[in-house]
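Q: Structure below; questions to follow.
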Amino acid sequence: MSVQTKLNERYQNILRAIIKHYIATAEPVASKTLLEEYDFSVSSATIRNIMGRLEKAGLLYQPHTSAGRIPSDSGYRIYVDKLITPSATIGVKIDQYLSQKLKSEVWSVEKLLERGAKILANLTGYIAVITMPQTSTHQIKHLQLVQVNSNQVMLIIVTDSYQTQSVLMDLSVFCGDDECSNIDSLEGELQLLSNFLNSKLQGRSFSDLSSLNWQELDEEFKVYADFIRNLLRELRQHFQSSLSSNSIMVHGISEVLRQPEFSQLDQVQMLLYLLEEEQDRLLPLIFELPELDDFNSKTVNSKVKITIGSENPLEPMHSCSLVSSIYRQGDIPMGSVGIIGPTRMLYENAIALVESAADYLSEALS
């Protein structure tokens, strides 16, 4: 059983109080503080005991032996997943605010996104990041599946500009765990499947793959369902890896540097270098295409994604949280809007702000 399911209501209330107090003050929280400022109707010894258990569970830690406790990344994760409700009121207010600020003048798409990033940074006090629309103008003109060896097949793609790209895939899903020994039979199946995919994908751009409905496969192709699902994922990853790197608008760096978490010069330099010089590493973290859901990607909504501290794969982000959400044009994911701040972030407001901003940009682009 996970730690999340073991926390009873009292434990949840105390963990919530510790995190909210730490977010507000940036000071380690002691049991005396909880006893004085929150009405838990329990003794100081009980609170100390619960804090000790939360620490053993990895949800809190002591920065110094004599200090109170502060949340760990795991503690924040439970807080975000289980203990908060994003502010609906703030969501409505930010939507109205963006409408007033951005609809009053005629903007190009670039100006719209740049202005939106500035507003988001000012409202949150964190770094606002918005990716430029990532749509490929190249459409799929033809594709062909070709067997490379007994374990692999190559998907060759020709675009409308006659550029050729290729994606190498594992054949195990297609043939099962055994090697594909019957080459003649396999070549026929690959040709049949190539014809089917051409009928479905010709004239589509790579970014269109997230809006195609594959819920109802033709009866004769249902046996290839797993292979097609993997193929689509490979195509989407291929599209994502080819995205333009220097296409992230960044605002609010000076604001977030006032936070005590960024008082260490080395830490700040690493983060600034990532934001300014290594956007190609940052982009996949900010703009990640939604997963296909049983070939019916239209069911995927634009919920906010939250990555906390060490959950981030990039070391300069280990002291930060990223809250992001995809904005769309119609059903097609176009880019992402997000904020980067310390893990000691006011998550309730951040989630509502980012989701509302993404919804507004989707409406404006559509």
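Q: Cβ-Cβ under 9 Å, sequence separation 6+ or interchain: first residue in the range 328-344 and within 28 Å of S254 (Cα to Cα), partner among the acidic types (D, E) and at pLDDT below 95. Which pairs?
A: Partner pairs satisfying both residue conditions: S336/E288; G341/E261; P342/E261; T343/E261; R344/E261.
Q: Kindly list, by first and then second residue, each pair from a residue in the range 80-101 that is in contact (Cβ under 8 Å) with a residue 24 or more places away in the chain to a residue that is of a type in the set (K, R) and assigned to a helix (DSSP H, G or I), limited to pairs with Cβ atoms under 8 Å and residues at least 6 apart or on different chains.
A: L83/R16; I84/R16
Q: Follow-up. Do any strands (runs of 3 or more DSSP E) lying entirely in the range 109-160 carry at least 3 residues that are in contact with an Asp or Glu (Cβ under 6 Å, 6 or more places away or on another chain), and which ones are they?
A: Hits in the range 109-160: none.
Q: Are there any pairs, at least 6 apart or on different chains, whose C-beta atoms fall under 8 Å, with the first in the range 260-277 and under 13 Å from S319 (Cα atoms) and the second among the aromatic types (F, W, Y) and part of a helix (DSSP H, G or I), and if so, which?
A: From the range 260-277, the pairs are V268/F262; L271/F262.
Residues are listed down the side, and each one gets a yes or a no for (1) within 30 Å of S362 (Cα to Cα); (2) assigned by TED's automatic domain parsing to the domain that holds S319; (3) among the aliphatic types (A, V, I, L, M):
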{"site": "I19", "(1), (2), (3)": "no, no, yes"}
{"site": "A24", "(1), (2), (3)": "no, no, yes"}
{"site": "I50", "(1), (2), (3)": "no, no, yes"}
{"site": "L59", "(1), (2), (3)": "no, no, yes"}
{"site": "P63", "(1), (2), (3)": "no, no, no"}
{"site": "G75", "(1), (2), (3)": "no, no, no"}
{"site": "K93", "(1), (2), (3)": "yes, yes, no"}
{"site": "L98", "(1), (2), (3)": "yes, yes, yes"}
{"site": "K101", "(1), (2), (3)": "yes, yes, no"}
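Q: When you check S321 against the structure, is it closer than 18 Å to I94 by Cα and either in contact with a strand residue (DSSP E or B) (Cβ under 9 Å, 6 or more places away or on another chain) or surrounded by 22 or more Cβ atoms within 10 Å (Cβ to Cβ) (or both), yes or no?
A: In short, no.
Q: Another question, if that's okay. May I ask you to say which residue of N195, N213 is among the polar types (S, T, N, Q) and either at pLDDT 75 or above or closer than 17 Å to D170 by Cβ (or both)?
A: N195
Q: Same structure again: Kindly list, by first and then second residue, each pair from a residue in the range 60-74 that is touching a residue at least 40 places away in the same chain (Cβ under 8 Å) to a residue that is among the basic types (K, R) and assigned to a strand (DSSP E or B), limited to pairs with Cβ atoms under 7 Å and residues at least 6 apart or on different chains.
A: Close Cβ pairs satisfying both conditions: L60/R69.
Q: Any residue at all in the range 173-185 that is modelled with pLDDT under 85 and assigned to a strand (DSSP E or B)?
A: No - not one qualifying residue is present in the range 173-185.
Per-residue answers, yes or no, for (1) part of a helix (DSSP H, G or I); (2) more than 19 Å from I351 (Cβ to Cβ); (3) within 25 Å of the chain's Cα centre (by Cα):
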residue	(1), (2), (3)
N13	yes, yes, no
K20	yes, no, yes
K32	yes, yes, no
E36	yes, yes, no
G58	no, yes, yes
I70	no, yes, no
I90	yes, no, yes
I94	yes, no, yes
Y97	yes, no, yes
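The values are calculated or read from the model by the stated rules, or taken from the named source; none is laboratory data. Keep in mind that what you see is a predicted model, and the values were worked out from it rather than measured. Reconstructed Cβ throughout: ideal geometry from the backbone, glycine too, with neighbour counts over all protein chains shown.
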